[in-house]
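Structure first, then comments.
The values are calculated or read from the model by the stated rules, or taken from the named source; none is laboratory data. Treat the numbers as computed from the prediction; the structure is a model and nothing was measured. We place every Cβ from the backbone using ideal geometry, glycine too, and count neighbours over all the protein chains shown. Note: areas computed on protein heavy atoms with side chains; ligands, DNA, RNA excluded. Shrake-Rupley method; radii C 1.70, N 1.55, O 1.52, S 1.80 Å.
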Amino acid sequence: MNDLPPYPPIDPTTFDLIVIGTGLPESIVAAAASTASKSVLHLDPNPFYGSHFSSLSLTDFPSFLTSHSLSTSPSPQSNGHHNFTVLDFATRPLYSSLDISSFSPHLLHQHSRKFNIDVAGPRVFFCADKSIDLMLKSGASQYLEFKSIDATFLGDDKGNLWSVPDSRAAIFKDKSLGLMEKNQLMRFFKLVQGHLAGEQGIKISEEDLQSPFVDFLNKMGLPPKIKSFILYAIAMVDYDQEDVGVCRDLLKTKDGIDQLALYNASVGRFPNALGALIYPIYGQGELSQAFCRRAAVKGCLYVLRMPVTALLVDKDNGCYKGVRLASGQDLFSKKLILDPSFTVPLPLGSSPPHPLQEKFPLCSLRDDRGKVARGICITKNSLKPEISNFLVVYPPRSLFPEQVTSIRLLQIGSNLAVCPADMFVLYISALCNDDDQGKKLLHSVMNTLLTVPVSINSESNAAVQSETAESSFTAQSDAGEGKPTLLWSALYIQELTLGQVEFICSAPMPDGKLNYNDLVDVTVKFFEEIYRNEEFFPEASSEFSEDDGGIALET
Amino acid sequence: MHGRPRKVPKPEDEAASAAKAQKLRALQTQFFSYHHNKIYTKEAVELSAKLLEINPESYTAWNYRKLAVEHYLNQPESNPDSVKSIIDDELRVVESALRQNFKSYGAWHHRKWVLSKGHASIDHELRLVNKFQKADSRNFHAWNYRRFVAELMNRSEQDELKYTEDMINTNFSNYSAWHNRSVLLSNLLEKKAEGFLSKENVLPEEYEFIHQAIFTDPDDQSGWFYHLWLLDQTVKTDSPLLVSSWPSHGSDILLMVDRCHNVSAFSPFTTLHSDSGSFPIVLYFNQSVEGVSSFTVTVESGFNKSEDLVWKPLSVSNSQAAQVWVAHLKFSTSELHSSVEIRVGHSKGITSTRGFQYSYPSVFSFKVNVQPIERDSSQGSVAENILWREENFKVYGTQSEESIPIVSFDQLSLRNGPEPTASNWRAEALAKEIECFRELLSLMDCKIGKLTLARLLMAYDAMSFSCANKLVHSEVLELYSDLMKLDPSHYQYYKDEHSLVLLQQVTSCRESLLKHCFQYMDSISSTICNPICLRLNNLSLSRMGAFEKLLWVQILDLGHNELQSIEGLEAMQLLSCLSLRNNKLRSFTALDPLRKLKSLRVLDISYNQIGEHSIDTTRYLCSSPLSHSVGSEWNKDETVIGDVTLINYWEAFFIFKELNLKQLDIMGNEIADEKFKLILVKLMPTLKQLDGELLG
C-alpha cells in the first residue's frame, strides 16, 4: 500500500450505488441510476474509460490484456473491523493465449498514440438496434459520431469477397447472383416484409415460425449461396445451422425473421447511412465513455485510476456494506456492481457465517457457450481497393471442414480515427471451445487474406524478435500475391461470462456477437433487478427529442 | 416525395393556413394592381417574388416577371452587368420557389425561359438539378429540366447515359431514369455515335441490364416498360415494308364481267366479278406510309397504256398516310389475257409517317384473264342475295394443286424482307428473351411476364416467316386465356390479343385456312362459281385482324363473335358480302370502315347492340379519338330526306349513304324500328332486300 500514489479522499463516503469498472454495461447502469436520481460513485482502476469495452492505444492495449491474463490472489493485508468482515478481491484471468506480433515496430511505435484499438472487436451497430435506441433515449448519442460501414461481404477460402445482396438495390446491382437467384432472394425478402407488415395473404405459418430457420429457407427452395447470405451475413448466426451436432444456437424461423427485420429496419433508418451498419468515430470505447458522460451530467461521481482492494461485508448478516479503496478509504453503498475481472474468494480455512456462503456463489460465472477468439491485425493496404470500412463473414465450413462457427472480420480505416492515415485495423472474432480451436479459426482467416511475414515466429516475447523481422519485412513488403501485408497482430481468447445479479452484482464480459443488442437486454434486466421500482431511462429524462437529436452520422 | 403518408392537419395548422391565406390574398391584390398597370418598379417586382415564394403555382406572377425582365432588358441603358443581375435575380426567385414546391410547373418553366434568354451561366444548373434529383430521384420535372440543361451545355449523351445508370443502380424503380435512358439511346443510335453504331451491339447489353431489374422485382412496372421499349427496338424496322398485296404475286386472276356458270379451271379464290370495268390493286404495308403514287409505284400491263393509276390511302381518318393503299386498274374486254407487273418503291417517295424511306424496292406480278360477257343468266346474282344459313354453306372441297393466296404472300414477304443477316441478331435476341421469360415463369406466376412472353413469341413468329412452328400460336393463346382469368381488369385487352393470335393461327397455313373456307349454295342458285366464303364465325373474336392475309376474301362471315369494332376491315377491298350478325357492335360509328368498301352489296348487322347505348362509346375504342373524321363532310342540305329528320340518325346516315347495298339485315338492334327502316330505304335507293323482305 505504501507504493501507491496518494489518492485524494472521496467525499461523501456513502452512496446508493458504487460501480467498479467502466465497461459498457456498468456505464449504462451508472447513467440509468443517476438519471433515476440515485447517488452513484463510478470507479475504475484504469486510467481510461471502457474497461473490457475500451479502445486503446497500441501501447496500452497489450498491457491491459496482459494484466487481465493473470489471476491474482488477494494479499492477506486487510484489517478487520469491528462492524464488518473484509474480503479481499482477487482477479481472475479473462484473456488467454495472448499472442502479439509486430513486424514493423518502428513504424508503429511512431504512431502508437494514433491507434484506438477496440478490445472487444469486431463490433458494429445496426442502425435500428437496441443500443442505438438506448443512446437516443438516454441522450448518450449527443457525445458520439458515426460513419457508415460501406459494405458486407461473404468470404471464401480462395480469398474472394462476395458482396452481400442485402437490399433491393444491392440485389439489382449484384454481379455474382444469377437472374433466378435474384428473383428467389427478392421474393424471399418480400415474403418476410409482407409477413412483418401484416399484408393480406402473406403470412408465414405458426408451424414454420417455430421450425428451424434453415429448414424454412430450404422449404423456400433457396440455393446454398443465398442461404449463407441470409443466415450468416444478415441474421449473423454463429453456429453451423445445418449440422445439428455442433450447432448450439439453432435459429428458429421466428427469430431469423426478427433478425431480418432488424437488418431491414436498419437500412435507411438514417438518411446519411449507406447501409445497415455504422461504427463510432474514435472506436467502440467511445460508447462507454458517452454513457459515463451522461451519468456525470446526472450527478454521478467519477474517479479513474482508483483500484479497489476489498469488499466489506456485515459481520452479522453477511450483507454487503461497501468497498475498500487502494487508498485505504472505506466507502459504503446500498448496491455494488463489479467489473467482471473481480472475484471474492472466501478466506481459506475460515468458515464464514452461514448467510455469507449463501450470498457468494461467485464462482459459477463461466458461460457455457465457451469462449470467443479475437484477433486484431494492422495492415497498410485495404483488403478491398477503394473501400475502407466493411464487414466480411466466413460462414461455417467456408474455410476448412472443421470450422463450425462463423468468423467475422471488420476492417476499419483511418477515416474513423482508429489508426494513422493509410493504415487499416482488422478485427476478427469467432466463437470457440478452447484456445487451440480459436487460434486455428483466426489463423485460417489471416492466411486467406493476408501476407504474414514468414521469418517471425512470434510468441509473447515478440518485441525482442521483431527487430530482426523488420528487415525481412521491408524486403518482401510488396511481394505477396496482392494480399495486404501484416504489420502487427494480436490474437487472444476471451472468456465469456454472464452477468450476475445478487446483492452485489458482477457485470458481463463482451459477448461474441457483432452488435450490442444482447448486452443491452442483459443490462436492462440488470438495472431492473437492482432497482425494481425505477424506470430505465424514463422518456422525459431525455432533453433531446428524437427529431432534433438523432444520430450524428458523418458521410 | 414518394411513399410519404399525408399528415392529418391539426386545428392550429388550420388556423395558421388561414392566416397564410389572408396574407396571400393581400399580396395578390397588390400584385394584380401592379400587373394591370404595368408597373415594373423594383418594389413591384419584389412583391411578385414574395408572392411566388409563398405560392409558386401563381402563373400570372411568373408571366408578370417575364414581362418585367423584357421591360428591363429593353431599357436603353441596360448593360451586361445590369442584365446579369436581372437574370440572377430571376434564377434566385425560381430556386426559392422550387424549395417551396419542387414540382411546380410554373417555376421550372420560368427557369427554362430565363436560361433560354442566354445571359445566364449554366454551370450552376447541373448542380442544382443534381440536388433536386438527389432529394427525389423520381422527380420528373427535374429529369425534364436535366434534359434541357444537358442540351444547353452540350453535355455528351454518353455522360448522361452513365448518369441514368447510376440513378438506376441507386433505385431501379425509376420510370424517369429508364425513360431518359431510352431517349438517350435512341439519339445515340440514330447518330451512330461511337460505341452505338448498331442496335445489334447495344441492345443485348440493355436486355442484360433490364433483366436485373425485372428478375429482382417482377412486380415493379418501370422495368417492364423499358423492356417493352427494347422489344419494340428489336422488332421494329425503320423503313416500311410491303407485306402483302392483292392480287398476290404469281396469281392468275379471272375477271368475270358478268355472273356465269362456266367456271373453267380457275379457282374460286382468284375469281372476281366486276361490272365496273376495273379491278382493285391493294398494297398492304407493315406500317402507315405516305407517298404511294403512280410515280413511286409503277404498273405495267396490257391494259393501261396511257393512263396513270390513282392510288388512294385506305384510312378512316382522311389522312394522307395509310397502311393500305388501293388503285383501280381498268381492263378492256379487247385484251383477254394480260400479265401485270407492279414495281413498288423503285423511285423514292414512299416514306413512313416517322420519315423513313421505303428502302426495299420490290416487284410482283400476276396474270389477269377476262371472261367476256355471256348473257344467258336468268338467275339472280348470288353475291347480291345471300341467306346466311348454315345449310347454305358447304365445306370447300379443295383441289390439291390449287393455289391458295396465302402461299404466295409468304414468298412476297421473303423477297422484300431486309437482309437475312441483319435480322439474325433480332431473332437471336428474341429467342434469348423467350428462354429467359420461360424460366421466370417456371419460378413464379407473373402476369406481366406472361404477357411479355406472349408478345415475344408472336414477334419471333412474325420474324421467322416459316410455317414450320405453328405450335407457338397454341402456346400464346393459352397464355392469353390464362391472363384473362388472372387479370380480369384487363380482360378486354387480353381478349383482343387472343382474337388476333387466333386469326394468325387460322391464316398461318393452308390446312387451317381451308377449314374455314366454304362455298355458298342455296336452293335458288346452284351455281358453283361463287367466290369462296371465309367463315370466321363462332370463334368468340373480339377483334378482327390478319387482314394482310385476307385481302382476297369476297364473302366473309364474322357472325356470332364478340366484335365491338371492325377496325382495319377497310383493307378487304374485294368484300362484297359481310355478315356481322350476333356481335357486340354498339353504334354505326363502329361500322365506319365499311364506307371504304365500294364492292359491298350484302351486309348483315342483325342482332347487335346498335342503339342500346345513348352515348356512342365506340369512338373511344378506336386507336385514337382524333382519328375519326365522321362529320367533317357534313352537309346541312342533306339533313332532311323527305319529311324525316336525320338529326337523330346522322351516324347511320354517314355510313349508309356511301354504301351501295342491295341486301341489309338490321333486325335485333335497338335502333331498328319501322321509322328507321323507312329512312334506310330512302337512304339507299339500291337496296332490294331489308331484313329478308323484298322491297317493292
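Structural remarks
- Residues that are part of a helix (DSSP H, G or I) and open to solvent by 10 Å² or more (accessible area, probe 1.4 Å), drawn from segment B:234-246: B:Val235
- Residue within segment B:118-126 that is crowded, with 19+ Cβ neighbours inside 10 Å and either aliphatic (A, V, I, L, M) or more than 14 Å from chain A (Cβ to nearest Cβ) (or both) present: yes
- Extreme residue, most open to solvent (accessible area, probe 1.4 Å), among residues of segment A:169-205 that are touching a His at 6+ places or on another chain (Cβ under 7 Å) and more than 11 Å from chain B (Cβ to nearest Cβ): A:Lys203
- In segment A:112-166, the qualifying residues are those that are hydroxyl-bearing (Ser, Thr, Tyr) and open to solvent by less than 30 Å² (accessible area, probe 1.4 Å), and the one that is farthest from A:Leu277 (Cα to Cα) is A:Ser112.
- As a summary of the residue check, B:Ser82 satisfies the conditions (1) farther than 20 Å from B:Ala150 by Cα; (2) in contact (Cβ under 8 Å) with a residue 12 or more places away in the chain; (3) open to solvent by less than 40 Å² (accessible area, probe 1.4 Å) except for the one numbered (2).
- The single condition among (1) surrounded by 18 or more Cβ atoms within 10 Å (Cβ to Cβ); (2) out of contact with any Asp or Glu (no Cβ under 9 Å at 6 or more places or on another chain); (3) at pLDDT 85 or above; (4) away from every other protein chain (no Cβ under 14 Å) that B:Leu231 does not meet is (2).
- First in segment B:143-172 and within 14 Å of chain A (Cβ to nearest Cβ) and without any contact (Cβ under 8 Å) to a residue 60 or more places away in the chain, second anywhere and outside any helix (DSSP H, G or I) and open to solvent by less than 50 Å² (accessible area, probe 1.4 Å), Cβ under 8 Å, 6 or more apart: B:Met167/B:Ser137; B:Met167/B:Asn174; B:Ile168/B:Asn174; B:Thr170/B:Ser137; B:Asn171/B:Ser137; B:Phe172/B:Asp217; B:Phe172/B:Asp220
- When A:Ala30 is tested against the conditions (1) of a type outside the set (Phe, Trp, Tyr); (2) in contact with a Cys (Cβ under 9 Å, 6 or more places away or on another chain); (3) farther than 19 Å from A:Ala507 by Cα, the lone failure is (3).
- Considering segment B:174-190, and only residues there that are under 21 Å from B:Thr237 (Cα atoms) and small (Gly, Ala, Ser), the residue that is most open to solvent (accessible area, probe 1.4 Å) turns out to be B:Ser186.
- If the condition is being open to solvent by 50 Å² or more (accessible area, probe 1.4 Å) and either in a loop (DSSP other than H, G, I, E, B) or within 22 Å of A:Val86 (Cβ to Cβ) (or both), then segment A:280-333 contributes A:Tyr282, A:Lys298, A:Gly299, A:Arg305, A:Lys315, A:Asp316, A:Asn317, A:Lys321, A:Phe332.
- Every condition in (1) closer than 21 Å to A:Val452 by Cα; (2) open to solvent by 10 Å² or more (accessible area, probe 1.4 Å); (3) more than 24 Å from the chain's Cα centre (by Cα) holds for A:Val86 except the one numbered (1).
- From the options B:Glu12, B:Glu90, B:Glu57, residue that is modelled with pLDDT of 85 or more and open to solvent by 30 Å² or more (accessible area, probe 1.4 Å): B:Glu57
- For A:Gly275, the requirement of being closer than 25 Å to A:Pro510 by Cα and either touching a residue at least 40 places away in the same chain (Cβ under 8 Å) or in contact with a Pro (Cβ under 7 Å, 6 or more places away or on another chain) (or both) is met.
- Cβ-Cβ under 6 Å pairs, at least 6 apart or on other chains, segment B:219-234 side free of Cβ contacts under 8 Å to residues at least 40 places away in the same chain, far side open to solvent by 20 Å² or more (accessible area, probe 1.4 Å): none
Yes or no, residue by residue, for (1) touching a Lys or Arg at 6+ places or on another chain (Cβ under 9 Å); (2) closer than 25 Å to A:Glu286 by Cβ; (3) open to solvent by 10 Å² or more (accessible area, probe 1.4 Å); (4) of a type in the set (S, T, N, Q):
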{"position": "A:Ser388", "(1), (2), (3), (4)": "no, yes, yes, yes"}
{"position": "A:Arg397", "(1), (2), (3), (4)": "no, no, yes, no"}
{"position": "A:Leu426", "(1), (2), (3), (4)": "no, yes, no, no"}
{"position": "A:Asp434", "(1), (2), (3), (4)": "yes, no, yes, no"}
{"position": "A:Leu441", "(1), (2), (3), (4)": "no, no, no, no"}
{"position": "A:Thr448", "(1), (2), (3), (4)": "yes, no, yes, yes"}
{"position": "A:Thr451", "(1), (2), (3), (4)": "yes, no, yes, yes"}
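- Pair list, Cβ under 6 Å, 6 or more apart: segment A:399-414 residue closer than 16 Å to A:Gly155 by Cβ, other residue aromatic (Phe, Trp, Tyr): A:Thr405/A:Tyr239; A:Ser406/A:Tyr232; A:Ile407/A:Tyr394; A:Leu410/A:Tyr427; A:Gln411/A:Phe390; A:Gln411/A:Phe424
- Among (1) over 30 Å from A:Val404 (Cα atoms); (2) surrounded by 20 or more Cβ atoms within 10 Å (Cβ to Cβ); (3) in contact with a Ser or Thr (Cβ under 9 Å, 6 or more places away or on another chain) - the single one A:Ala276 does not satisfy: (1)
- Residue within segment A:347-362 that is modelled with pLDDT under 80 and under 23 Å from the mean Cα position of the chain (by Cα) present: yes
- Considering only residues in segment B:348-358 that are open to solvent by 60 Å² or more (accessible area, probe 1.4 Å) and over 17 Å from the mean Cα position of the chain (by Cα), the one that is farthest from B:Ser186 (Cα to Cα) turns out to be B:Lys348.
- Residue ID - modelled with the highest pLDDT, chosen from residues in segment A:435-468 that are of a type in the set (Ser, Thr, Tyr) and outside any helix (DSSP H, G or I): A:Thr451
- Filtering segment B:55-112 to residues that are within 21 Å of B:Ile39 (Cα to Cα) and among the aromatic types (Phe, Trp, Tyr) leaves B:Tyr59, B:Trp62, B:Tyr64, B:Tyr72.
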